[in-house]
Amino acid sequence: MTSLDGFDLKILAALQDDGRLTNQQLADLAGLSASQCSRRRTRLEDEKVIAGYHADLASEALGFNVLAFIQITLATHSPNNAKRFRDLMRRVDEIQEAYSLTGDADYLLKVVLSDLKSLSDIVNNVLMPHESVAHVRSSIVLDRLKTTRKLPIRKLST
């Protein structure tokens with residue numbers, strides 16, 4: 001783990017709130033000079049503490065109105081079968097996130113889709129027929145109670 005001080009944590013917290021901050025704005029928030037802030041930001045990027053910058057797109061504004069979670073159980077638990085399934089995950093753009101799990105399911109997928117027919121297509125025409133998959137169980141999100149990608153940085157300073 002990278003060693004972080006209070007200034008680094010202020011920089012990270014500010015960038016989590018607004019990744020478009022100019023170096024001067026960030027320096028003002030962190031209480032540093034612009035050059036000190038720039039060096040720290042570059043170090044945090046080089047050390048991969050800052051993994052990247054992106055635009056946070058509104059899925060519903062773009063017509064992606066269905067969010068679902070899909071649990072997958074593999075047919076067999078072999079390295080080859082897991083590789084085939086992971087290769088499939090990389091090819092399906094609707095899968096935003098995929099996690100390998102302990103417990104009843106082997107994987108949990110987060111998918112974003114335009115409509116229920118698209119969910120049916122993913123489940124019935126992509127996942128279920130795949131040779132690596134034994135069972136598929138989907139759950140449709142009714143309401144998003146909280147969505148964030150922010151890490152609890154305040155916990156690091158205590």
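The values are calculated or read from the model by the stated rules, or taken from the named source; none is laboratory data. As the structure is a prediction and not an experimental result, all values here were calculated from the model. Every residue, glycine among them, receives a Cβ derived from its backbone with ideal geometry; neighbour counts consider all protein chains shown. Surface accessibility is based on the protein's heavy atoms, side chains included, excluding ligands, DNA and RNA. Shrake-Rupley method; radii C 1.70, N 1.55, O 1.52, S 1.80 Å.
So which of R90, R43, R84 is within 23 Å of K150 (Cα to Cα) and open to solvent by 40 Å² or more (accessible area, probe 1.4 Å)? Show your work before the answer.
Values: R90 fails: within 23 Å of K150 (Cα to Cα); R84 fails: within 23 Å of K150 (Cα to Cα).
After ruling out the rest, the residue left standing is R43.
What pairs come up if the first residue lies in segment 113-136 and is free of Cβ contacts under 8 Å to residues at least 12 places away in the same chain, the second is assigned to a helix (DSSP H, G or I) and open to solvent by 40 Å² or more (accessible area, probe 1.4 Å), and their beta carbons are under 6 Å apart, counting only those six or more places apart or on different chains?
none
So which pairs qualify, if the first residue must be in segment 39-54 and assigned by the TED database to the domain that holds Q16, the second must be open to solvent by less than 60 Å² (accessible area, probe 1.4 Å) and among the charged types (D, E, K, R), the Cβ gap must be under 7 Å, and the two must be at least 6 apart or on different chains?
Final answer for the pair search is R40/D8; L44/D8.
Answer yes if at least one residue in segment 133-149 is out of contact with any strand residue (DSSP E or B) (no Cβ under 7 Å at 6 or more places or on another chain) and surrounded by 10 or more Cβ atoms within 10 Å (Cβ to Cβ), and no otherwise.
no
Just the residues that are surrounded by 14 or more Cβ atoms within 10 Å (Cβ to Cβ) and small (G, A, S), please, taken from segment 114-132.
S114, S118, S132
From S78, S100, S33, S38, grab the single residue that is open to solvent by less than 70 Å² (accessible area, probe 1.4 Å) and under 30 Å from H135 (Cα atoms). Don't jump to the end; show me each part of the working.
Details: S100 fails: open to solvent by less than 70 Å² (accessible area, probe 1.4 Å); S33 fails: under 30 Å from H135 (Cα atoms); S38 fails: under 30 Å from H135 (Cα atoms).
Residue meeting the stated conditions: S78.
Applying the selection to segment 103-113, what residues are open to solvent by 40 Å² or more (accessible area, probe 1.4 Å) and farther than 18 Å from A75 by Cβ? First the steps, then the outcome.
Step one: filter segment 103-113 for residues open to solvent by 40 Å² or more (accessible area, probe 1.4 Å), giving 103-104, 108, 110.
Hit for segment 103-113 is K110, nothing else.
If you scan segment 62-75, which residues turn out to be open to solvent by less than 70 Å² (accessible area, probe 1.4 Å) and either closer than 14 Å to I122 by Cβ or assigned to a loop (DSSP other than H, G, I, E, B) (or both)? Lay out the reasoning, then the answer.
Filtering segment 62-75 for residues open to solvent by less than 70 Å² (accessible area, probe 1.4 Å) gives 63, 66-68, 70, 72-75.
Listed by number, the residues that qualify are G63, V66, L67, A68, I70, I72, A75.
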